[in-house]
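Below is one structure, written out as structure tokens, with a few remarks after it.
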Amino acid sequence: MKFAPEYVTHVLNENFEDAKELLLSPLMAINYAHLVMLAEKGIISAPEARALRDALNGISLDRVREVLYDGTYEDLFFYIERLIDKACGADIAGRLHTARSRNDLAMTMYRMRQRESIAVLGEATMGLREALIALAERHTETIYGAHTHTQPAQPTTIAHYLLAIIEQLERDTVRLGAAFESTNVNPLGACAITGTGFPIDRNRTSELLGFNGPTGNTYGSIATVDYLLESVSATSVLIVGLGRVVQDLLLWCTVEFGYLRLSDGFVQGSSIMPQKRNPVALEHARAIGSKAVGQAQAIVTTVHNTPFGDIVDTEDDLQPLVASMFRDATRMVTLVAAAMRLADFDVEKLASRAAVGGTTLTELADTLVRDHGLSFRNAHAIAALLLKARTEDPQASLSATLSKASAAILGKPLDYSEEALQKILSPAHFVQVRTTHGGPAPKETARAIGESHRLLESHRETWAARRERLDQAKAQLDARVKAL
């Protein structure tokens, strides 16, 4: 078959280059696993199996990666088949393709590549968690004024803020783990669409390739992309969530805030302005993450409204986009982790602004409710009047102002000493009394940090077991190939 030059240039050449980079190693592993299974089931003879093994062993992956597409074959699969033909003859070479199709072979390659990408991203996510846990441990008593709707809201601690992010990343790790498990099932043996009449063993190829087991329905094995969309969704949730955090961190790096300072290795200067110290590592992280989200949306758009079956929209042209999404997501997560490991918070500046804007007035209202049995609405109104009066006259006595405000709302004054009100309205007191589960009190954040440590260790054990399973499968496959 002679392909049109335009088709060669704009499709086949591009796909061949992509396949060499992304799919060559999975393709060769599948060839070996399928060969072992065919031999063990007696579908091919022992001499044929050894001849095919030797032909596969003679293929240099480095040389294949250097090959330029010349249009005389359709894709990487046919190029590798040509090399096998040359090594052991067409008759024996053709036996390797017994009971399989490019359909199930391609879907198996995609899953193998994707599970590796998920694992790498999962490991990077756990690295970010580790960096933020260490940072939170150093700042359990570092108080700052948190914002809601971009306005000063209530005092909390840096540890409390970081733990919110850590818990989100913990959920991201679980989502990625679920996506890994959905991906790590084996379509090989589904063939073109209906399976085969040969007595193959799909469990055996699954074992040799590190899959948890075979996929079910053979039609669905080559038609479904929900496993892909699950990992794309998990990645999107991770990156969108982290992007919101990066927005905060960049704001905190501004001179106007001055809360956060990146180490010198993560900033750049200006070619004209000597004073500049630009936190570009976080800007790059934001941009790279946005790319990943855009790629994720493009993946969903590409497979949307395609026929439920074998179709190129979900295959060769899509795989570079999938790989790029995972790569950029991993770049972002890794970059933020590296930057935050060496970042410094200005503890004094954070503390100095923690009460600005009346952030502790909620605790004043709570105290009035506890001490006098007021409704929270009345207590809230008294605190609001106190803020208004203090805004108009910052030097006014807190005690006198509270007496006037309470008299205006209740018809009688509530008396507190200046010293008592100073304590009630202090950010440190505000944080200390908030011992609610998940709250900012140092004792509570210390407990939560301990839980995050334990969960991180548990997740790392789970991901290490997944990695070990893949390594063991490879070792088993290598050993079985040698024993043919």
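The values are calculated or read from the model by the stated rules, or taken from the named source; none is laboratory data. The shown structure was predicted, so the numbers you read here are calculated from the model rather than taken from an experiment. FYI the Cβ positions are ideal-geometry reconstructions off the backbone, even for glycines, and counts take in every protein chain you see. To get the accessible areas, we keep the full protein, side chains included, count just its heavy atoms, and leave off ligands, DNA and RNA. Shrake-Rupley method; radii C 1.70, N 1.55, O 1.52, S 1.80 Å.
Taking trypsin sites (Lys or Arg not before Pro) in DSSP loop states with no more than 16 other Cβ atoms inside 10 Å as exposed sites, the chain has its longest site-free stretch at 42-275. Within the range 1-53, the chymotrypsin sites (Phe, Trp or Tyr not before Pro) that combine a DSSP coil assignment with at most 16 other C-beta atoms in a 10 angstrom radius are Phe3. Solvent-accessible area assigned to carbon and sulfur over the chain amounts to 54 percent, based on a 1.4 Å probe. Between Leu251 and Thr9, the modelled label-to-label distance comes to 5.1 nm, taking each label 7 Å out from Cα in the direction of the beta carbon. Fully extending the segment from Asp346 to Lys404 would add 17.1 nm, taking 0.36 nm per residue of separation and subtracting the current Cα-Cα distance. For the chain, the longest principal axis of the Cα atoms and the long axis of helix 376-392 meet at an angle of about 70 degrees. With a simple spin-label model that places each label point 7 Å from the Cα along the Cα-to-Cβ direction, the separation between Thr391 and Ser375 comes to 2.4 nm.
Under conditions of 37 °C and 0.692 mPa s, the range 392-455 yields 230 µm² s⁻¹ as its translational diffusion coefficient, taking Rh as the Kirkwood radius over Cα pairs in the Stokes-Einstein equation. Against the chain, whose longest principal axis comes from its Cα atoms, helix 280-303 is set at around 50 degrees.
Between the C-alpha center of the range 454-482 and that of the range 157-201 there is a gap of 15 Å. Reported to the nearest whole Å, the Cα centre-to-centre distance from the range 294-311 to the range 239-259 is 33.
Looking at the square roots a ≥ b ≥ c of the eigenvalues of the Cα gyration tensor of the range 123-178, which shape do they give, rounded for a/c under 1.5, prolate if a/b is larger than b/c, or oblate? Verdict is oblate for the range 123-178. If the chain linking Asn203 and Tyr219 were pulled fully straight, counting 0.36 nm for each residue of separation and taking away their Cα-Cα distance, it would gain 4.0 nm.
Modelled spin labels at Lys412 and Gln268, positioned 7 Å past Cα toward Cβ, are 6.8 nm from each other. Overall, the anisotropy analysis places the chain in the prolate class: the square-rooted eigenvalues a ≥ b ≥ c of its C-alpha gyration tensor yield a/c not less than 1.5, with a/b exceeding b/c. Taking amide hydrogens as placed 1.01 Å from N in the peptide plane, the amide H of Arg434 sits under 5 Å from those of Ala441, each at least 5 positions away in sequence or on another chain.
Note on Asp317/Ser60: beta-carbon distance plugged into 1/(1 + (r/R0)^6) with R0 of 35 Å gives a FRET efficiency of 0.80. Computed over the alpha-carbon atoms, the range 67-191 gives an Rg to Rh ratio of 1.32, Rh here being the Kirkwood radius from the mean inverse distance. Amide H to amide H under 5 Å from Asn186: which residues, 5+ apart in sequence or cross-chain, H placed 1.01 Å off N in plane? Under 5 Å from the amide H of Asn186: Gly213, Thr215. Plainly put, the range 327-409 has a radius of gyration that is 1.30 times its Kirkwood radius, both from alpha-carbon atoms, as the Rg/Rh ratio.
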